[in-house]
1. For the range 75-102, how many residues meet the condition of being modelled with pLDDT of 75 or more, in contact with a helix residue (DSSP H, G or I) (Cβ under 8 Å, 6 or more places away or on another chain) and part of a loop (DSSP other than H, G, I, E, B)?
2. I'd like to check something: does the range 10-21 contain any residue that is at pLDDT 80 or above, more than 18 Å from residue 105 (Cβ to Cβ), out of contact with any helix residue (DSSP H, G or I) (no Cβ under 9 Å at 6 or more places or on another chain) and assigned to a helix (DSSP H, G or I)?
3. Search the range 38-60 for residues being part of a helix (DSSP H, G or I) and surrounded by 17 or more Cβ atoms within 10 Å (Cβ to Cβ), and hand back the single one that is farthest from the chain's Cα centre (by Cα).
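The values are calculated or read from the model by the stated rules, or taken from the named source; none is laboratory data. Predicted, not measured: the structure shown is a model, and the values here were computed from it. Glycine gets a Cβ as well: all are built from the backbone with ideal geometry, and neighbour counts include every protein chain shown.
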């Protein structure tokens with residue numbers, strides 16, 4: 001369990017580093033900071049696993065604050081190795097910010 005937390009933190013730091021060194025395509029929404037914040041605060045809800053866990057109050061308030069559609073469109077392949085994209089859609093629905101019908105979240 002401790003090793004999993006260390007690996008998760010390491011991957012988040014790598015994603016933050018990659019975010020600053022990669023060139024953003026012009027016109028692309030800038031939701032990368034929000035993605036990292038959601039990943040840190042909603043980790044239990046959106047990580048790979050058997051059962052879905054309801055979002056915490058902190059997760060709930062952040063999902064309501066951020067543009068979930070932009071976050072889904074900006075979800076990278078690296079992020080999808082940490083987060084189950086299908087589970088990432090549920091907090092948006094539960095928190096009253098459902099994605100438009102036909103939306104693509106990451107590669108899903």
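1. The total comes to 8.
2. The answer is no; no qualifying residue exists.
3. Step one: list which residues in the range 38-60 are part of a helix (DSSP H, G or I), which gives 38-41, 43-46, 57-60.
Remaining after also requiring surrounded by 17 or more Cβ atoms within 10 Å (Cβ to Cβ): 38-39, 41, 43, 45-46, 59-60.
Numbers: 38: 5, 39: 5, 41: 9, 43: 8, 45: 10, 46: 7, 59: 11, 60: 13 Å.
Looking at residues that are part of a helix (DSSP H, G or I) and surrounded by 17 or more Cβ atoms within 10 Å (Cβ to Cβ), I get 60.
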